[in-house]
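Worksheet for the structure shown next.
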Amino acid sequence: AGDDPDDSRPGCPTNTPPVAVCDDIEVELGENGKATIIAENVDGGSYDSDDDEITFSIDHDGKFVCADACGDDIIVTLTVSDGQAENSCEATVTVVDKIAPTISCDASNIVPSDAPISFTATATDNCEDSATTVTIIASDCYKYNKAGKRVDKTESCVVSFVGDTITIVDSGGVGDIITGTVVATDACGNTSTKECEITVLHPVK
């Protein structure tokens with residue numbers, strides 16, 4: 001009798017390694033500027049021909065933040081194991097931010113004597129550390145007459161705006177409504193628009 005083992009003999013089955021199949025995925029940041037994945041998220045149908053139970057792991061902690069968004073894709077390695085052998089593949093994780101900034105106006109009602117007066121618009125974003133630009137792109141001045149008809153008052157109002165600040169040099173008179181159109185854009189190009197409104201009131205004696 002020979003001494004060479006024959007693993008192909010009955011009773012000595014061989015193990016076939018699992019097959020790793022990856023899926024590229026897109027991950028969207030939440031309101032907190034974070035996103036999380038697990039290994040199964042990048043599994044594209046991995047299997048084991050021996051019908052062994054397989055487990056999954058990735059070479060990444062699965063946590064993504066704003067710094068990962070709007071830039072290069074992130075490559076993760078998925079490892080599939082049947083307890084005896086393993087196989088791996090690479091998946092591309094694209095981290096995106098689709099949440100636009102939220103604009104706030106510090107505008108308030110004024111009386112004619114308050115002019116000149118300036119107001120500054122601000123914005124908050126789920127990615128607080130990213131660069132968010134806030135710009136006033138237009139202004140308007142009007143009032144409503146007793147019949148409820150809108151009357152243009154841009155000739156009597158004197159308003160200027162630079163960057164995120166609008167300055168009312170002359171309110172034009174009691175009852176005027178002065179608006180500034182504000183646009184905020186975050187580092188990923190998400191944009192929001194808001195109209196800030198200031199009403200000119202009659203001075204209280």
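The values are calculated or read from the model by the stated rules, or taken from the named source; none is laboratory data. All values derive from a computational prediction rather than experimental measurement. Here the Cβ positions follow ideal geometry from the backbone for every residue, glycine too, while neighbour counts run over all protein chains shown. All accessible areas refer to the heavy atoms of the entire protein, side chains included, with ligands and DNA or RNA removed. Shrake-Rupley method; radii C 1.70, N 1.55, O 1.52, S 1.80 Å.
Quick check: is even one residue across the range 84-101 within 24 Å of S192 (Cβ to Cβ), touching a helix residue (DSSP H, G or I) at 6+ places or on another chain (Cβ under 7 Å) and outside any strand (DSSP E or B)? Steps first, please.
Applying the first criterion (within 24 Å of S192 (Cβ to Cβ)) to the range 84-101 yields 94-101.
This time we only want the ones that are touching a helix residue (DSSP H, G or I) at 6+ places or on another chain (Cβ under 7 Å), so: 95, 97.
Those left that are additionally outside any strand (DSSP E or B): 97.
Yes, that holds for at least one residue.
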**Request:** Six or more apart or on different chains, Cβ under 7 Å: which pairs go from a residue in the range 54-73 that's more than 30 Å from T132 (Cα to Cα) to one that's part of a loop (DSSP other than H, G, I, E, B) and of a type in the set (A, V, I, L, M)? Could you list them?
**Result:** none
**Complete:** Note on the range 162-183: residues open to solvent by 50 Å² or more (accessible area, probe 1.4 Å) and over 14 Å from I103 (Cβ atoms) are V162, V169, D170, V174
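State which residue is farthest from C127 (Cα to Cα) when the search covers only the range 41-72 and only residues that are charged (D, E, K, R) and exposed (fewer than 12 other Cβ atoms within 10 Å of the Cβ).
Just the residues of the range 41-72 that are charged (D, E, K, R), to begin with: 43, 48, 50-53, 59, 61, 63, 68, 72.
Add one more test, that the residue is exposed (fewer than 12 other Cβ atoms within 10 Å of the Cβ), and what stays is 51, 53, 61, 63, 72.
Working: D51: 45, E53: 40, D61: 20, K63: 15, D72: 17 Å.
Result: D51.
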**Asked** When the range 111-161 is examined, which residues are found to be crowded, with 17+ Cβ neighbours inside 10 Å and within 24 Å of V96 (Cα to Cα)?
**Response** A123, D125, N126, C127, S130, T132, V134
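Just give me the residues in the range 98-110 being β-branched (V, I, T), surrounded by 15 or more Cβ atoms within 10 Å (Cβ to Cβ) and under 22 Å from G33 (Cα atoms), in sequence order.
Residues of the range 98-110 β-branched (V, I, T): 99, 102-103, 110.
Still in the list and also surrounded by 15 or more Cβ atoms within 10 Å (Cβ to Cβ): 99, 103, 110.
Matches in the range 98-110: I99, I103.
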